[in-house]
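Below you'll find the structure, written out as structure tokens, and then a few comments.
Nothing in this text is a laboratory measurement; each read-out follows from the coordinates by a stated rule. Just so it is clear, the model here is predicted, and its values are computed rather than measured. FYI the Cβ positions are ideal-geometry reconstructions off the backbone, even for glycines, and counts take in every protein chain you see.
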Amino acid sequence: MDNPEDPNKLASTLHEPTTTTTQPLLSKPYPSLDPPIASTSETEEDQTQYLQISYNYGTRSIKDLPFLLLFCLLVLCTFGFGIFASVNRNPHRHQVSSFIYDTTSSSCTFRNDFRTPFSSNSSEWNPFYDRLSESSISTENAPKSTLLNDLIDYSSSLVNLNSRKSSILKSLIWTLVITLILSLPFVLSVLFLLKHYTKQIVYVSLPFFVIVPISINVYWFVACTVSSTCSDAFPLAYRIFVLIFVFLIIGVIVWIFIVNWHRIELTVRIIGVASNALSRNLGLFGVLPALTLGLFAYYAPIVVFFIFANWNGKIVPREKNGEYFCVWKQDKWVPAYYTLAILTVLWSAAAMVEAQVYVISGTIAQWYFSKDDLSGPKHGIRSSLRNAFGPSSGTICFSGLLICAVRIVRSVVDNARQEDGSGIVNLILRCCANALFSAIDFLNKFTINFAAITGEAYCSAARMTYELLKRNLLSAVFVETVSTRILAGIVLVLSAIYAIVVCVILKAVIHLGDDAYFVAVAAWVLLIVILGFFVHVLDNVIDTVYVCYAIDRDRGEAITGMWVTEECKNSFMEMKWKKVHRYIVFKIDEGSKLLTVDKVGGPAEGYEDLTAALPEDDCRYAVFDFDFVTVDNCRKSKIFFIAWAPSASRIRAKMLYATSKDGLRRAFDGIHYEVQATDPTEMGFDVIKDRVK
């Protein structure tokens, strides 16, 4: 493989599009995650055994058909028996009191002369009418002035109460409408900030992972020390022990962050790319609520069937203490139908959630693997919907059934904990059960991502997920944990600030009084629901982008699939030792996976020429030889490595350049400083001068 054409052949083999797959694509051995970038002149092992996973744009075959048939059978049975229950319902379900026991026929018969409780000729209600008449007589004997004053007071208080309720209702409606209107700018603003200022937001949010538990720990210690009840219950030695133990846990968290800082940086890149991907596919915010509304429309007849199923039965006599009276007896099949309908509802809800995740994953994966710089694939959402409710519908049903079963078992475990929470053995068993359920949820989430990308069956996609997470588990956990906590914190902070502003406006401007708190809480709940939906979508986009990144990394496209040409190495050495170049711009050829020289600047050119040589819509690497004079009047030279990734560049290009950067720096020995920039302000000449001070 000393021939320089061999890497090109290997790279083209790796880049062939995958349209059909018959086995898990990650089932074969894979290279380690951090090998150095190779030179074209170096001998490489045969990597053609490593298969590619990319978005499957071809025709997909139907997968997991038995689970789809089982789901359809369950739905048909639910609707079939529901229609039967509606047709054969007993109209006398709520008229049991109208039936009397007939001794002649030994059955319950309907009383045609039954009088309503409010009929005046009913003997049972004669005392009521007598008391009413007495009160009328006593009212006639009362002084007219007293009656008039009481009537006026009552009327005025009623008017004031109605006016107050009307004012509260009007303020509530307008506040909710304004909140609903403002939620769209809120969502777009958060998306814009995450897209352009990801690093700043993440780095500002990370200290709160430490500040919040420290504050809670110190507050608990001080409050418990001041309170006599708490101090008597918890001795000083116990409080000190808890305080130190919590500080140790916080120290471990800080140590984990420091040791895994490169994974924090990966999380920053993933969140930024995911925000960019979601901003390019805003149609998801319309499709996902439409799917939820479709689920509610699908539930409507089932709810009607629930009601009418309760009407299936008959009125039968029952003997008690020698007396017979009529009672309602439900048909024996009704409880079984309730069980069937509830299972259908739960399975349908879980399947719809998985279908939404599938649509998000399929849409974002098409965008990630697209070759189009700006618009991405056409009809990406439509294609994902067609696959979700077509060839992969059985896979979604399988995933929904699994998640439904996990939820039911977890509910049983939680109920058992509430009934009997004593014993260390029960505590350990519950912890193990919850850990198992969380692992299943975690694995299932990435399995649906793989199913949406490749079109594989659920078991094959789960096997891919296992193989991938086995090599990237820590990174996956960091990306999932950090991104979810940060997004949740953003939602809570924004919604809380908005609720405070609403409360201040209602109290100061509208003079609503204490009722302003109720209206502000309602606005806070509405906003947190909307922002929570946004976070749910973005969280799934982050998972999909991470899976796409891990696929590229595993198959070698991000690291081992890129070779540094001899031209690049020679140009860098000439700049370093002979000073014949002021700067060099490098480009990754995605077709051949070669790092090539894009532009070279002569010794007379400056930093402005380098910034002008960088494209506005694509990523590049650059090295710049910066000459300067120190405060001691000594001339020195430092080489800067610049990673240029503008916001307008493609998602996949950003990930490819970001993940290949460390290996490239190892190939170029002698680099002193590194600058990462997404716009010209982040790599201005002042930034370069500040770094060498």
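Under 5 Å from the amide H of Ser54 lie the amide H atoms of Thr18, each residue being 5 or more positions distant or on a separate chain, with H modelled from the backbone and absent for Pro and chain starts.
Separation of the range 513-542 and the range 293-312, taken as the distance between their Cα centroids, equals 29 angstrom. Classify the range 191-328 as rounded, prolate or oblate, taking a ≥ b ≥ c as the square roots of the eigenvalues of its Cα gyration tensor: rounded when a/c is under 1.5, otherwise prolate if a/b is larger than b/c and oblate if not. Taking the square roots of the gyration eigenvalues as a ≥ b ≥ c, the range 191-328 is oblate.
Which length gain, in nm to one decimal place, applies between Ser647 and Cys230 when the Cα-Cα distance is subtracted from 0.36 nm times their residue separation?
144.6 nm
Taken about its Cα centre, the range 257-415 carries a charge dipole of roughly 140 debye when the Cβ of each Lys and Arg holds +1 and the Cβ of each Asp and Glu holds -1.
If both residues of a DSSP beta bridge must be in the range 557-691, then about 75% of such bridges are antiparallel. Projecting the Cα atoms of Ala677, Val564, Ala643 onto the charge dipole of the range 557-691, computed from C-beta unit charges around the Cα centre, puts Val564 farthest toward the positive end. Rounded to the nearest 20, the Cβ-based charge dipole of the range 584-625 about its Cα centre (Lys and Arg +1, Asp and Glu -1) stands at 220 debye.
Listed values for the range 258-265 are Karplus-derived 3J(HN,Hα) couplings in whole Hz (6.51 cos²θ - 1.76 cosθ + 1.60, θ = phi - 60°), namely 5, 5, 9, 5, 5, 6, 4, 5, and x replaces Gly and Pro.
Counting other Cβ atoms within 10 Å, which chymotrypsin sites (Phe, Trp or Tyr not before Pro) in the range 657-693 have at most 10 and lie in a DSSP loop? For chymotrypsin sites (Phe, Trp or Tyr not before Pro) across the range 657-693 that sit outside H, G, I, E and B with at most 10 neighbouring Cβ atoms in 10 Å, the list is empty. Under 5 Å between amide hydrogens, built in the peptide plane, is the criterion, and for Leu512 it picks out Lys507 among residues at least 5 positions away or on other chains.
Distance between the pseudo-spin-label points of Val177 and Leu293 (7 Å out from Cα toward the beta carbon): 1.9 nm.
Percent of Cα-Cα pairs more than 16 Å apart in the range 268-308, please. Here the long-distance tail beyond 16 Å is 58 percent of all Cα pairs in the range 268-308. Under the combined filter of DSSP loop state and at most 16 neighbouring Cβ atoms within 10 Å, the range 165-257 retains these chymotrypsin sites (Phe, Trp or Tyr not before Pro): Tyr197. Classify the range 503-656 as rounded, prolate or oblate, taking a ≥ b ≥ c as the square roots of the eigenvalues of its Cα gyration tensor: rounded when a/c is under 1.5, otherwise prolate if a/b is larger than b/c and oblate if not. It is oblate, given that a/c is not under 1.5 and a/b is not larger than b/c. Which FRET efficiency value, to the nearest 0.05, do you get for Ser86 and Lys693 by plugging their Cβ-Cβ distance into 1/(1 + (r/R0)^6) with R0 = 60 Å? Calculated value: 0.15. For the pair Ile510 and Val259, label points projected 7 Å from Cα toward Cβ lie 5.3 nm apart. Here the range 557-691 is assigned +1 on the Cβ of each Lys and Arg and -1 on the Cβ of each Asp and Glu. Its dipole about the Cα centre then comes out at about 420 debye.
Can you give the net charge of the other residues whose Cβ lies under 15 Å from the Cβ of Pro317, counting K and R as +1 and D and E as -1? Local charge sum for Pro317: +2.
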